[in-house]
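Colleague: What follows is a structure written as structure tokens; I'll ask about it next.
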Amino acid sequence: MKVTLEKDVMENNDRAAEFNRKLFQKTGTLVINIMSSPGAGKTTILEKTVRALSGQYRISVIEGDIATERDADRIRSAGTRAVQIATEGECHLDPRMIAKVLPEIDLDETDILFIENVGNLVCPSEFDLGQTHKVVVLSTPEGNDKIPKYPLMFHVTELALINKTDLIPYVPFDLDQARKDLQAINPESRLMPVSARSGQGFDDWLNWIKEARQACLKP
Ligand SMILES: Nc1nc2c(ncn2[C@@H]2O[C@H](COP(=O)(O)OP(=O)(O)O)[C@@H](O)[C@H]2O)c(=O)[nH]1
Ligand SMILES: [Mg+2]
């Protein structure tokens, strides 16, 4: 019985994700679902990203957290529209939660929609939100073992941002090892070292977004 129920729930989710995906395609909106463990730097990366790109693109952000409006407030302080989803205990966002808040976002007026998922390297990897791209952030203090220990997350994402490279002199993190581990799990995924604090590598990230946005516009 439990198996049937879980299967039904996942099928419902897939339908909801497809509904979102069609809407995003119709409006030509690039949608990036950003996942990581808590504290890897998702919101800091987004604050810096929206500050850098809001002159060129119309950007909206959906923030997912178990509780509080804090991350949405940080994005608003960076000058960008943000809607907070408080999941009240759920460890991930699902496509129905996204569909529910879409009326608060004018997709016709949004070139890029960033979704910050709930901080967790496990559950969010199992849910398709209808996004264009999935990105994972891993920060250097979390250690090299996280890629092999959470393979699904690195399997379903196509870009791994290695954040907090400014801390590499102080924490044991080996970028070459991370490249090898990622290659073993997902040879298609790209590893990109960045620091949301120093700005190191940020041009690569901004260029990746710009190229993804261009690809969205192609018929
Ligand atoms: N040293 C350093 N700290 C960072 C960097 N990016 C984020 N942080 C810090 O990491 C903590 C968690 O960041 P936050 O963006 O809230 O992480 P989130 O939970 O993934 O959204 C905060 O204290 C940030 O200032 C970085 O590149 N370098
Ligand atoms: Mg956050």
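Colleague: Sort 200-209, 27-36, 150-159 by the packing proxy (mean of other Cβ within 10 Å over each peptide's residues), most packed first. Please report the intermediate quantities before stating the final value.
Modeller: Numbers: 200-209: 16.0, 27-36: 23.1, 150-159: 18.2.
Sorting 200-209, 27-36, 150-159 by mean packing, highest first, produces 27-36, 150-159, 200-209.
Colleague: Determine which aspartates and glutamates satisfy two conditions relative to Lys146: a Cα distance under 13 Å, and not lying fewer than 8 residues away in the same chain.
Modeller: Candidates past the 8-residue exclusion: Asp174, Asp181.
Colleague: For the stretch 2-216, give the magnitude of the charge dipole about the Cα centre (Cβ charges: +1 Lys/Arg, -1 Asp/Glu; no others), in debye to the nearest 20. Write down the numbers at each step before the final one.
Modeller: Values: 26 positive and 33 negative charges, 65 e Å.
That gives a dipole near 320 debye.
Colleague: Compare the Cα positions of Leu93, Cys123, Phe154 along the charge dipole of the chain (+1 at Cβ of Lys, Arg; -1 at Cβ of Asp, Glu; about the Cα centre) and return the one farthest towards the positive end.
Modeller: Phe154
Colleague: How long is the gain from Glu11 to Asp174 if the chain were fully straight, where each residue apart is worth 0.36 nm and the alpha carbon distance is subtracted?
Modeller: Working it through step by step, the gained length comes to 54.7 nm.
Colleague: Just the number please: accessible area per residue for the chain, 1.4 Å probe, all protein chains included, in Å². Please report the intermediate quantities before stating the final value.
Modeller: Values: 10680 Å² over 219 residues.
Accessible area per residue, the chain: 49 Å².
Colleague: What is the pair-distance distribution P(r) of the stretch 2-216, computed from all Cα-Cα distances in 5 Å bins starting at 0, with each bin given as a whole percent?
Modeller: With 5 Å bins starting at 0, P(r) equals 1, 7, 15, 20, 21, 17, 11, 5, 2, 0, 0.
Colleague: Which of the residue pairs Lys26/Lys164; Lys22/Lys149; Lys48/Lys100 have a Cα-Cα distance greater than 29 Å in the structure shown?
Modeller: Checking Cα-Cα distances, Lys26/Lys164; Lys22/Lys149 exceed 29 Å.
Colleague: Multiplying the sequence separation of Glu211 and Arg51 by 0.36 nm and subtracting their Cα-Cα distance, what value in nm do you get?
Modeller: Gain in length upon complete extension: 55.8 nm.
Colleague: Can you give me the % of accessible surface on the stretch 2-216 that is carbon or sulfur? Probe 1.4 Å, all protein chains present, nothing else counted.
Modeller: 50
Colleague: Could you derive backbone 3J(HN,Hα) for the stretch 32-46 from the dihedral phi with the Karplus parameters 6.51, -1.76 and 1.60 (θ = phi - 60°), listing whole Hz in sequence and x where the residue is Gly or Pro?
Modeller: 10, 8, 9, 10, 5, 6, x, x, 5, x, 4, 5, 5, 4, 5
The values are calculated or read from the model by the stated rules, or taken from the named source; none is laboratory data. Predicted model only: the values in this text are computed from it and were never measured. Reconstructed Cβ throughout: ideal geometry from the backbone, glycine too, with neighbour counts over all protein chains shown. Side chains are part of the model used for accessible areas, which takes the heavy atoms of the whole protein and leaves out ligands, DNA and RNA. Shrake-Rupley method; radii C 1.70, N 1.55, O 1.52, S 1.80 Å.
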